[in-house]
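Novice: Submitted below is the structure of interest, expressed as structure tokens.
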Amino acid sequence: MIEKEKAAEQTISNINQEARDGYEQHFKVISPGRMVAKRFFKSKLSIAGLYMIIFVFLFSFVGPLIVDVTWGYEELEVFKIERIDDMVSTADFKGPDGKIYTYYDKSQTLVYFKAPPSAEHWLGTDTSGFDILTRLMYGGRISLTISFIVIFLETIIGVILGGLAGYFGKWVDQLIMRIVDILACLPGLPILLVLSATIKSIDTIPAEHRIYYMMAFLTLMGWTGVTRIVRGQILMLREQEYMLAAETTGISPMHKIFRHLVPNTMPQLIVSATLGLGGVILYESTLSYLGLGVPFPRAAWGSMIALADPSKGQEILAYYPNMWVPAGILIVVTVLGFSFIGDGLRDAFDPRMKR
Amino acid sequence: MENAYVNNNNNDDILIVRNLKKYYPLSKISIGKKRSYVKAVDDVSFSIKRGTTMGLVGESGCGKTTVGRTILRLHDVTDGQVIFDGMDLAKIPPRKLRRLRPQMQMIFQDPYSSLSPRLPIGEIIGEAVKEHKIVPRSEYRSYILKVMHDCGLQPHYYYRYPHEFSGGQRQRISIARAVALKPKFIICDEPLSALDVSIQAQIINLMKDLQEQYGYTYLFISHDLSVVEYLSDTIGVMYLGSMVEMGEKKQIFDNPMHPYTKALLSAIPVSDPDVKMNRIILKGDIPSPVNPPSGCKFRTRCPYATKVCAEVAPKLKEYESGHKVACHLYSQD
Amino acid sequence: MGLLDKWRQIKQAEAEQGIDHTMYLTLKEERRISRENNRIIRQFEREKNRKNVPEEEYLTKMRDPNNVVEFENLHTYFFTDVGTVKSVNGVTFDIPQGKVVGVVGESGCGKSVTSLSLMQLVQAPQGQIVSGSIRYQDRNGKCYEITKMPRDKMLKVRGKEIAMIFQEPMTSLNPVFKIGEQMDEVVLLHEEDATPKMARERSLEMLNLVGIADPQKVYNNYPHELSGGMRQRVMIAMALSCTPRLIIADEPTTALDVTIQAQILELLRDVKNKINGSIMLITHDLGVIAEMADYVVVMYAGRIIEKGTVREIFHNPKHPYTIGLMRSKPSGKTKDNRLYSIKGQVPNPINMPNHCYFFNRCDRAIEICAEEYPEMVQFTDTHSAACHLCRNGGLMDTNSTKEQR
């Protein structure tokens, strides 16, 4: 034991000697993480994307708090703002003399909702008297939360199934990949519509729970992409020499998959997840627009745009852009932001992809 | 499986390879055609004594790497026996094989791709030690540090990642990973070819020191004859999947019999401008193993090829004690 | 547990004393390096992008008219994210007409960058020739200063006057074109009045010259149909097709088998005599150098540490690194149980301190080695080495050196 200690001391004194001589490393390098960051920040687009996403996040998660503290109301506060609306209706009719006359009816109505933008309500109120700005914030909160949860679940399922398929090959691969093929060739949107409509029509499911079912459906439709990516990567990594080395040391297959292979697919996973976030938000908005997503009176960007649905009359589409344009802008900003970040990350992780 | 255990009379040999064959099918679907194979390793036999080093030499595509990997059952064996310490590895079930793995290790050619990039060094070396419970849990850390010390790695590398190291140090890590499992037998698959000259000497010395200290048996696969000459006790020369000459180091280098061995030896560049070797320059390239020449595989490049070479494949025959050659130049009876 | 805990203790003590061994740059250092690099690179690129440079600016005179190329105090730096890599740091040597000059060294010693500097192929914008000169003399005795030559003029020299053979014959041929097409292209590009028919004839002739038995067939093959040795022959044929004055062979046989290597070396020697050209042979294999070269240049960490004729270098090496390299090559004649080895690692020439770069790997280092970089010491007209131990005409033992100081 004493000898061991002595040897240890000897080694350490050697190291110090070497370090002092500058023998070991006389220059510093950039850590791989920083290298990725550096390449990421080189691209203007990815910085723009980052700002967009930061803005959306602050807006949706910090925004409601500020509103609550400053003005003391929440999402479902109804404002009745009295306002006199001049209504002029006209009609043409043929007089007894055969000429065309126009009939004017000028009347005044008292309206409580659909208030125009004002100092108190920057974007006005909607058809139910809710403050639009506040609802945008709460809608963002739901959209972002849903998309993160869905992507997280998709990634977990994809990593496990893709890892198994890629590593074991043969019938495991055949089974998993055929399921993936079948799911991937189903038309996503119609299936989601049918499923959501079915859920809506089942009375025993309370409206608040519908959102969980929606997340499950979105996950079900989305995991195939991740599985394919992970499997492809693992097929490639499996041929690396370090996997042969792992084989010769005789460690268990589960260790090989989840300690050696999966961590090396991380860059691709992060990229695909980031790009996927935008996709989920689009799906969620579409469903909400069709009234199959987040149930009223909870806000969602999709259902806010749905107010302008032309089949319910042209009025809002034409005269109240403040009700639906901001929601549309937010969706575009979020999806674009995630895409920019995803592209930037892809270039940053793999410099060969550039140009 | 019962017949996995073969009665091994000669206990001196740690590894006996008998008629090892490894064929790769060329195409999976072949209708109406005879299925064709790449005969990567075609009927190779040899044995290695405990504590010695055998060198396996040959040019690219001669199947020397495949021999190494097939012995360790990294690839399945097409036919033949690989008897390691009395057990036939070719027939052993995978579950048992995994438990045997620590006894036979491999050092790979490319130090850059043979280390998992996302694991720290301590983990790379120690992972399998933990899994196979080579040492008690309480001693684990100090054991890994001792192995690292043996291989010339400093203790603070423990938490660093492979990308922070140069080729030579990576090869040391790779050696440490193999050595940590207390193996009996190590296959070195061209461990030097990716390293700088001054680093090669360090690694050679390290391997020799470890062998002296722990009595490892090495199978040293290389295309560099001078390194093989320095390290090995016995040498096998391979050409296109077959063993053409085999023997003690002295026999091979002082009295090469096969024309291919002669050509190989004469092709080594000599570090002396005044020594002009009487060089045998072989014509042409190595034929493709998919469609090897009939009879003796070397005949297309052999300066002494005769009619019989094209017709009959020469047998590997012993001429001196331990010195075996497969060539028609010498009597085949 | 002992070792690691001890290590931590020492680290802590060092941290208190302000000794810093961390190997990663801080954000601040990194920013500073980037800013400086950008400034320097912009300056060099502006100089290079000038249009209509008058010919007088890059015409020059050779020191010795028998030389094809003269390197003089060449500095080629790479301005990377982690600092300035002085890949070539004051290199001076000549390539005489009709001779083979071998450049030996380990990875990262700058041997390839030297040849790329000569071809103006250093990867810009990070890589820049910072100072020094490379003089090239063409067939008509006209001398060019390559470091100042504009890019379009260089195109005429590159490939035609100076040809290059690379290490990896696999990747240096384009896989989608036939061998013949790629060879013809070189001829058509460089010979002004060449017709496709002439080019074809020339290509076939060259394939024949490099010992390809069936040139017609190879001419119509795609690169993947050829073996490594054949591809390297094609590369050599391609390099020869404009009868260059200088062939740069960058590790031409490293990727090849021993028996094929013997063929290729034989071929190179043969070809050199046929076209009466010079060869700059870059390799890490001392055996290849001994066989091929007339003059040898040994490089280490971007500098020349020893140069001379083959016989001087191999029979009478002076620098401890050269000696070590030769002793560390194993052979059957090595009777010692342990092979001689140079300790430590091959350095990466970033932020090199001002001492002998080999100092911490050297067995015989003395005090002065840690203080200043040694000058080149001349032994004969051709033989010189950069080592403090050699200053009085030969290797001295350390004691006497100390006494003198």
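Novice: I'm checking my understanding of the structure. Among residues of segment B:239-257 that are among the hydrophobic types (A, V, I, L, M, F, W, C) and more than 12 Å from chain C (Cβ to nearest Cβ), which one is nearest to residue B:318 (Cα to Cα)?
Specialist: Only one residue tops the list, namely B:246.
Novice: What number goes with the only condition from (1) of a type in the set (Gly, Ala, Ser); (2) within 16 Å of residue A:166 (Cα to Cα); (3) away from chain B (no Cβ under 14 Å) that residue A:252 does not pass?
Specialist: Unmet condition: (3).
Novice: Also: Can you tell me which condition residue B:260 does not meet? The list is (1) assigned to a loop (DSSP other than H, G, I, E, B); (2) within 9 Å of another protein chain (Cβ to nearest Cβ); (3) crowded, with 24+ Cβ neighbours inside 10 Å, and all the others hold.
Specialist: The number of the failed condition is (1).
Novice: Also: Please specify each residue of segment A:260-301 satisfying the condition of being hydrophobic (A, V, I, L, M, F, W, C), within 30 Å of residue A:36 (Cα to Cα) and touching a helix residue (DSSP H, G or I) at 6+ places or on another chain (Cβ under 8 Å).
Specialist: A:261, A:262, A:269, A:270, A:271, A:273, A:275, A:277, A:280, A:281, A:282
Novice: OK, next. Within segment B:44-80, how many residues are in contact with an Asp or Glu (Cβ under 6 Å, 6 or more places away or on another chain) and closer than 13 Å to residue B:246 by Cβ?
Specialist: 1
Novice: Considering only segment B:139-155, state which residues are more than 9 Å from chain C (Cβ to nearest Cβ) and either of a type in the set (Val, Ile, Thr) or more than 16 Å from residue B:169 (Cβ to Cβ) (or both).
Specialist: Within segment B:139-155, B:139, B:140, B:143, B:144, B:147 qualify.
Novice: Here is a further query. List every residue pair whose Cβ atoms sit under 6 Å apart, with the two residues 6 or more apart in sequence or on different chains, where the first one lies in segment B:96-114 and is under 19 Å from residue B:191 (Cα atoms) and at the interface with chain A (Cβ under 8 Å from one of its Cβ atoms) and the second, anywhere, is charged (D, E, K, R) and surrounded by 16 or more Cβ atoms within 10 Å (Cβ to Cβ).
Specialist: B:108/A:241; B:108/B:189; B:109/B:189; B:109/B:190; B:110/A:241; B:113/A:241; B:114/A:241
Novice: Just one of the numbered conditions (1) at the interface with another protein chain (Cβ under 9 Å from one of its Cβ atoms); (2) part of a loop (DSSP other than H, G, I, E, B); (3) closer than 28 Å to residue C:246 by Cβ; (4) not basic (Lys, Arg) is not true of residue C:317; which one?
Specialist: (1)
Novice: Please go through (1) over 20 Å from residue C:157 (Cα atoms); (2) surrounded by 14 or more Cβ atoms within 10 Å (Cβ to Cβ) for residue C:191 and return the number of the only condition it doesn't satisfy.
Specialist: The number of the failed condition is (1).
Novice: With the requirement that a residue be under 20 Å from the mean Cα position of the chain (by Cα), under 20 Å from residue C:64 (Cβ atoms) and not hydrophobic (A, V, I, L, M, F, W, C), what does segment C:118-146 give you?
Specialist: C:132, C:133, C:135, C:136, C:137, C:145
Novice: Then there is this: I'm trying to understand the selection: among the residues of segment C:227-251, which are under 17 Å from residue C:103 (Cβ atoms) and within 13 Å of chain B (Cβ to nearest Cβ)?
Specialist: Within segment C:227-251, C:251 is the sole residue that qualifies.
Novice: Let me ask something else. Please go through segment C:168-192 and pick out each residue that is assigned to a loop (DSSP other than H, G, I, E, B), among the polar types (S, T, N, Q) and either touching a Cys at 6+ places or on another chain (Cβ under 9 Å) or under 12 Å from residue C:222 (Cα atoms) (or both).
Specialist: Answer for segment C:168-192, where residues must be assigned to a loop (DSSP other than H, G, I, E, B), among the polar types (S, T, N, Q) and either touching a Cys at 6+ places or on another chain (Cβ under 9 Å) or under 12 Å from residue C:222 (Cα atoms) (or both): just C:174.
Novice: What number of residues within segment B:158-184 satisfy the criterion of being more than 9 Å from chain C (Cβ to nearest Cβ), part of a helix (DSSP H, G or I) and surrounded by 20 or more Cβ atoms within 10 Å (Cβ to Cβ)?
Specialist: 11
Novice: Same structure again: Consider segment C:274-313. How many of its residues are assigned to a helix (DSSP H, G or I) and modelled with pLDDT under 85?
Specialist: Number satisfying all stated conditions: 2.
Novice: Out of segment C:128-154, which residues are among the small types (Gly, Ala, Ser) and either over 23 Å from residue C:40 (Cα atoms) or crowded, with 21+ Cβ neighbours inside 10 Å (or both)?
Specialist: Across segment C:128-154, the qualifying residue is only C:141.
Novice: On to the next question. Among the residues of segment B:271-281, are any crowded, with 23+ Cβ neighbours inside 10 Å, touching a residue at least 12 places away in the same chain (Cβ under 8 Å) and at the interface with chain C (Cβ under 8 Å from one of its Cβ atoms)?
Specialist: No; the residues of segment B:271-281 include none that is crowded, with 23+ Cβ neighbours inside 10 Å, touching a residue at least 12 places away in the same chain (Cβ under 8 Å) and at the interface with chain C (Cβ under 8 Å from one of its Cβ atoms).
Novice: Wholly within segment B:47-153, which helices (runs of 4 or more DSSP H) include no fewer than the required count, namely at least 1 residues that are small (Gly, Ala, Ser) and within 20 Å of residue B:18 (Cβ to Cβ)?
Specialist: Once the helices (runs of 4 or more DSSP H) in segment B:47-153 are filtered for at least 1 residues that are small (Gly, Ala, Ser) and within 20 Å of residue B:18 (Cβ to Cβ), what remains is B:64-71.
Here's the yes/no breakdown for (1) in contact (Cβ under 8 Å) with a residue 12 or more places away in the chain; (2) under 30 Å from residue A:332 (Cα atoms); (3) outside any helix (DSSP H, G or I); (4) within 11 Å of another protein chain (Cβ to nearest Cβ):
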position: A:243; (1), (2), (3), (4): yes, no, no, yes
position: A:247; (1), (2), (3), (4): no, no, no, yes
position: A:263; (1), (2), (3), (4): no, no, no, yes
position: A:282; (1), (2), (3), (4): yes, yes, no, no
position: A:286; (1), (2), (3), (4): yes, yes, no, no
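The values are calculated or read from the model by the stated rules, or taken from the named source; none is laboratory data. Everything numeric here is computed off the predicted structure, so don't read it as measured data. We place every Cβ from the backbone using ideal geometry, glycine too, and count neighbours over all the protein chains shown.
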